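The values are calculated or read from the model by the stated rules, or taken from the named source; none is laboratory data. Just so it is clear, the model here is predicted, and its values are computed rather than measured. Here Cβ is always computed from backbone atoms with ideal geometry, including for glycine, and neighbour counts include all displayed protein chains. Surface accessibility is based on the protein's heavy atoms, side chains included, excluding ligands, DNA and RNA. Shrake-Rupley method; radii C 1.70, N 1.55, O 1.52, S 1.80 Å.
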Amino acid sequence: MKCIFCGYADSKVIDSRAAEDTNSIRRRRECLKCGKRFTTYEMVESSPILVIKNDNSRQSFDPQKIKKGIIKACEKRPVSMTQIDDIIADIEKRISNSLEQEIKSSEIGEMVMEELKKIDEISYVRFAAVYRRFKDITTFINFLNNVN
């Protein structure tokens, strides 16, 4: 890290700790040339993820949008907010770990259904009914018969 006082390119770290926002690390440094101390902040660089909608438009990935849909599907069901938050965290992690900068909304929907099926079948069916946009009752009944 370059010294802010003399411009020397080398310094040593005296102290490191999590910053108040916990998304960065605060480092106290000392210049190896002039001996002056300064503070730097280090954070993980993340690139935005775009969601490709069904009409091929793109928008920024928003975990809150997924959360709203899951909460609606889990209404009056024995699913805790902790379980919902865990689903969101798992999906975010899977998307980030894929290293892709774009993901289809249909892939996200499938991930949500996969996770909901593990914790509550009624919530799973509710989410699927909205997500899959069943055209008629026969299609919906066929889906229900394949739930198991």
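Only one of the numbered conditions (1) among the acidic types (Asp, Glu); (2) more than 17 Å from residue 127 (Cα to Cα); (3) open to solvent by 80 Å² or more (accessible area, probe 1.4 Å) is not met by residue 15, and that is (3). Return yes or no: is residue 96 open to solvent by 60 Å² or more (accessible area, probe 1.4 Å), of a type outside the set (Val, Ile, Thr) and in contact (Cβ under 8 Å) with a residue 40 or more places away in the chain? So residue 96 passes the test.
Looking across the stretch 34-48, the residues that are within 21 Å of the chain's Cα centre (by Cα) and of a type outside the set (Ser, Thr, Tyr) come down to 42, 43, 44, 45, 48. Cβ contacts < 9 Å: first residue more than 13 Å from residue 40 (Cα to Cα), restricted to the stretch 7-26; second residue exposed (fewer than 10 other Cβ atoms within 10 Å of the Cβ) and of a type outside the set (Phe, Trp, Tyr), any location; separation 6+ or different chain. Result? Partner pairs satisfying both residue conditions: 23/44.
Yes/no matrix, rows are residues, columns are (1) loosely packed, with under 11 Cβ neighbours inside 10 Å; (2) within 26 Å of residue 24 (Cα to Cα):
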residue: 71; (1), (2): no, no
residue: 78; (1), (2): yes, no
residue: 86; (1), (2): no, yes
residue: 89; (1), (2): no, yes
residue: 92; (1), (2): no, yes
residue: 107; (1), (2): no, no
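Residue 101 satisfies every condition listed in (1) over 30 Å from residue 7 (Cα atoms); (2) under 12 Å from the mean Cα position of the chain (by Cα); (3) not hydrophobic (A, V, I, L, M, F, W, C) except (2).
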